[in-house]
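**Student:** Right, I'll just put the structure down here and ask away after.
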Amino acid sequence: MPIIKSKNFILRPFKKSDAKSLTENINNKKIYRNTARIPYPYTLKHANKWLEKTIKENRKKKPAKINFAIDINGEVIGSINFNKIEGHRAELNYWLAEKYWNRGIMTKAIKLMTVFGFNRKGLKRIYARVYSFNKASHRVLEKSGYKLEGILKKEGKKDNKFIDAYLFARVK
């Protein structure tokens, strides 16, 4: 897997030693609320188990998922990935530590990941599903060139409540 550099951060493969900073930065009720599969509280045990799975998947010749750490000075401050890589398309997922919100980091990370997906992985369609109430994520995707394609009614379920999701996509 490549390392993708920007002026303020790098996108790189995860490693076992990321467990501590991953746990510290993802263990946030707001991140839990806005994501489909991240538990709260998020423990070191969660991190170690997830890292083991992720590192193994990233090593495959044709992975079903590609996960990058968003790294500033050796600390994992977020993650961005392609999930459900199926032929010409993939789903985009991401999270960012709250103390780094509103700095343009995720917009830049999505743009870099999109270029990587189109140019290095040969994707023709990249899509993201975002909970209807997550307006900041809607804006980030729009600033990254993604277009709203529709609303998926009761797409998610969180804390025994059904949630609508907005479907955003970019095509090449």
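**Student:** State all residues of the range 123-172 that are without any contact (Cβ under 8 Å) to a residue 12 or more places away in the chain and farther than 25 Å from A64 by Cα; if no residue qualifies, say none.
**Tutor:** If the condition is that a residue be without any contact (Cβ under 8 Å) to a residue 12 or more places away in the chain and farther than 25 Å from A64 by Cα, then K135, R139, K153, K154, D159, N160, K161, F162 are the ones that fit.
**Student:** So, in the range 81-104, exactly how many residues are in contact with a strand residue (DSSP E or B) (Cβ under 8 Å, 6 or more places away or on another chain) and at pLDDT below 95?
**Tutor:** Of the residues in that region, 3 qualify.
**Student:** If you don't mind, there's one more thing I want to ask. Residues of the range 136-172 being closer than 18 Å to I80 by Cα and not hydroxyl-bearing (S, T, Y), which ones?
**Tutor:** Filtering the range 136-172 for residues closer than 18 Å to I80 by Cα gives 136-146, 167-170.
Within the range 136-172, A136, H138, R139, V140, L141, E142, K143, G145, L167, F168, A169, R170 meet the criteria.
**Student:** Being of a type in the set (S, T, N, Q) and more than 23 Å from K108 (Cβ to Cβ) is the filter; apply it to the range 122-172 and report the residue that is surrounded by the most Cβ atoms within 10 Å (Cβ to Cβ). Spell out the reasoning first.
**Tutor:** Narrowing the range 122-172 to residues of a type in the set (S, T, N, Q): 132, 134, 137, 144, 160.
Filter again for more than 23 Å from K108 (Cβ to Cβ), leaving 132, 160.
Numbers: S132: 15, N160: 5.
In this case the residue turns out to be S132.
**Student:** Regarding the range 131-143, can at least one residue be identified that is at positive phi and out of contact with any helix residue (DSSP H, G or I) (no Cβ under 7 Å at 6 or more places or on another chain)?
**Tutor:** Here is the first cut: in the range 131-143, the ones at positive phi are none.
No, every residue in the range 131-143 fails to be at positive phi and out of contact with any helix residue (DSSP H, G or I) (no Cβ under 7 Å at 6 or more places or on another chain).
Listed here are the residues, each with its yes/no results for (1) touching a Phe, Trp or Tyr at 6+ places or on another chain (Cβ under 8 Å); (2) modelled with pLDDT of 95 or more; (3) within 21 Å of K84 (Cβ to Cβ).
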site: I4; (1), (2), (3): yes, yes, yes
site: N8; (1), (2), (3): no, yes, no
site: P13; (1), (2), (3): yes, yes, yes
site: A19; (1), (2), (3): no, yes, no
site: N25; (1), (2), (3): no, yes, no
site: K29; (1), (2), (3): yes, yes, no
site: N48; (1), (2), (3): no, yes, no
site: L51; (1), (2), (3): yes, yes, yes
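**Student:** Cβ-Cβ distance below 7 Å, separation of 6 or more or different chains: which pairs start in the range 1-23 with a residue that is more than 11 Å from L51 (Cβ to Cβ) and of a type in the set (A, V, I, L, M, F, W, C) and end on one that is at pLDDT below 95 and not in a strand (DSSP E or B)?
**Tutor:** Note: pairs meeting the criteria are M1/N58.
**Student:** Please list, ordered by residue number, the strands (runs of 3 or more DSSP E) wholly in the range 10-102 having 3 or more residues that are at positive phi, loosely packed, with under 13 Cβ neighbours inside 10 Å and in contact with a helix residue (DSSP H, G or I) (Cβ under 7 Å, 6 or more places away or on another chain).
**Tutor:** So the answer is none; nothing clears 3.
**Student:** Continuing with this model, one more query. Consider T107 carefully, then state whether it is crowded, with 17+ Cβ neighbours inside 10 Å and either within 12 Å of the chain's Cα centre (by Cα) or at pLDDT 95 or above (or both). Even if it seems obvious, please write down each step before you answer.
**Tutor:** Working: crowded, with 17+ Cβ neighbours inside 10 Å: no; either within 12 Å of the chain's Cα centre (by Cα) or at pLDDT 95 or above (or both): yes.
Answer is no for this residue.
The values are calculated or read from the model by the stated rules, or taken from the named source; none is laboratory data. What you are looking at is a predicted structure, and each value in this text was computed from that prediction instead of being measured. Cβ coordinates were reconstructed from backbone atoms using ideal geometry, including for glycine residues, and neighbour counts include every protein chain displayed.
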